[in-house]
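First up is the structure itself, then whatever we jot down about it.
The values are calculated or read from the model by the stated rules, or taken from the named source; none is laboratory data. Because the structure is a prediction, the values reported are computed rather than measured. Ideal geometry is used to build each Cβ from the backbone, glycine not excepted, and the neighbour counts take in all protein chains shown.
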Amino acid sequence: MRWRSSSSRKPCGAGPGGTGGLTGGGPLPRPARFGTPAKGRPGRLTSAWRWLALATLLALGALWLVRLLLPVDRREVPAFIWQPCADAPSRDRCVVDGDTIRLDGETVRIAGLDAPELAGRCEAERIAARAARDALIGWLSEGGFTSAPEPGGNDRYGRPLRILSRNGVSVADALVSRGVARPYAGEARLDWCAAEG
């Protein structure tokens with residue numbers, strides 16, 4: 001019996017094509033993921049990314065163009081000492097009542113709140129109306145604020161509805177939290193004299 005030296009032994013897996021004879025002498029097939037697409041034809045994934053990038057750029061360009069051509073009617077109103085319209089030297093910027101102001105010569109209804117009327121039906125409403133007006137004057141005079149359009153457009157009298165806010169807090173929320181106005185979203189107004197009977 002002859003012993004073969006270890007140097008003459010074939011390494012494990014050796015055979016035709018380096019496959020241990022498992023492929024019948026041919027080379028191992030290449031997995032599909034390593035394949036390269038034919039020249040001039042990008043792969044489906046690459047093509048999809050190109051279209052997605054192009055669509056994103058077109059959408060951003062359209063948004064920029066719309067913003068340029070149709071600016072949002074959002075105004076920064078600088079700090080100003082507000083007064084009741086009856087006492088103001090000019091009616092360009094003044095307070096009509098607890099939920100209405102004159103801003104740049106336009107009568108504006110403040111969105112989101114309902115305040116009592118200065119010419120209310122009863123004395124309690126008239127007193128509450130003066131308190132609401134004074135609270136509004138105080139808030140407006142604290143500093144500059146932002147005036148933005150309410151999506152609802154105008155109120156039933158045709159006055160533009162505006163959202164007035166400062167540091168993320170609207171004047172409507174401020175006056176309602178102080179108890180001088182009620183939240184309002186276009187429903188029937190509550191009677192301010194009901195408590196008096």
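In table form, for the structure just shown:
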quantity: Flag for Arg159 being of a type in the set (Lys, Arg) and either farther than 17 Å from Gly98 by Cβ or out of contact with any Lys or Arg (no Cβ under 7 Å at 6 or more places or on another chain) (or both); calculated: no
quantity: Answer residue from the stretch 148-158, given it is modelled with pLDDT under 90 and surrounded by 15 or more Cβ atoms within 10 Å (Cβ to Cβ) and is farthest from the chain's Cα centre (by Cα) among those; calculated: Asp155
quantity: Yes/no for Ala111 being under 18 Å from Leu190 (Cα atoms), free of Cβ contacts under 8 Å to residues at least 60 places away in the same chain and crowded, with 20+ Cβ neighbours inside 10 Å; calculated: no
quantity: Some residue of the stretch 168-183 being part of a loop (DSSP other than H, G, I, E, B), in the same structural domain as Trp82 (by TED's automatic domain parsing) and crowded, with 17+ Cβ neighbours inside 10 Å; calculated: yes
quantity: In the stretch 115-129, the residues that are in a helix (DSSP H, G or I), of a type in the set (D, E, K, R) and buried (at least 16 other Cβ atoms within 10 Å of the Cβ); calculated: Glu125, Arg126
quantity: Test for Trp51: is it modelled with pLDDT under 90 and either closer than 29 Å to Ala185 by Cβ or not small (Gly, Ala, Ser) (or both); calculated: yes
